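Heads up, the thing below is written out as structure tokens.
The values are calculated or read from the model by the stated rules, or taken from the named source; none is laboratory data. Treat the numbers as computed from the prediction; the structure is a model and nothing was measured. Glycine gets a Cβ as well: all are built from the backbone with ideal geometry, and neighbour counts include every protein chain shown. For the accessible areas, the whole protein counts, side chains as well, though only heavy atoms, and no ligand, DNA or RNA atoms are used. Shrake-Rupley method; radii C 1.70, N 1.55, O 1.52, S 1.80 Å.
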Amino acid sequence: NAPNPVSHPVAALPHAPSVAPSQVALPEAVMPLRKAITQWLADIKKVTVPKTLVTKRLALEDFARSAGESTPVHECTRLPSGTWVSELRARELATPTVVNRLSYVRGFLSWAKGKGFIHFDAHSNPASGQASYGAREKRQRKKHGFRAYNDAQLKLLFAPANLKTLNTDAQLGMWMRL
């Protein structure tokens, strides 16, 4: 007979209860991200300006490409959202653009929560807080940002003498912008 190994008492360490994968609370309905986005767009189509609908669709399609179009919506946690924000930053998009796109994803995830595709606490939307656009940056952008032309500037730009100096492509571009 082999000698018995000496047993050492082990102190109980506090730890989180382990949960078997089969015990994880799944949402009421499991839906692939791509299909859920299509449903969301159909639901908001009547109450959304067409231009905004296109912007929302493009943002959500970009998010879906990043997270995986066949990924179930309930797996769209803070990690995939953060990864997508990092990708947007790597493309050197401006902070307001990133914040705007995140707002669309946040709206989509809130809709998905209402449909039972994802669960999160009231104030813990996975797309919330991933990027911020502070007051200082807003002031700085406003200082250097877009300003509409006044009447005198428009008359000067579209004066016949000025238009004659431009090539036809530039003239067309000016008229299209107007």
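Computed quantities for the displayed model
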{"read-out": "Per residue, in Å², the accessible surface of the range 63-163 once ligands and nucleic acids are set aside, probe 1.4 Å", "value": "63 Å²"}
{"read-out": "Rounded if a/c under 1.5, otherwise prolate or oblate - the range 107-178, Cα gyration tensor axes", "value": "prolate"}
{"read-out": "Label-to-label distance, nm, for residues given as Thr77 and Ile44 (7 Å Cα→Cβ offset)", "value": "2.5 nm"}
{"read-out": "Sites matching trypsin sites (Lys or Arg not before Pro) across the range 94-172 that sit in DSSP coil, with at most 10 neighbouring C-beta atoms within 10 Å", "value": "Arg147"}
{"read-out": "Normalised contact order of the range 23-161, rounded percent, pairs of Cα under 8 Å and 6 or more residues apart", "value": "28 percent"}
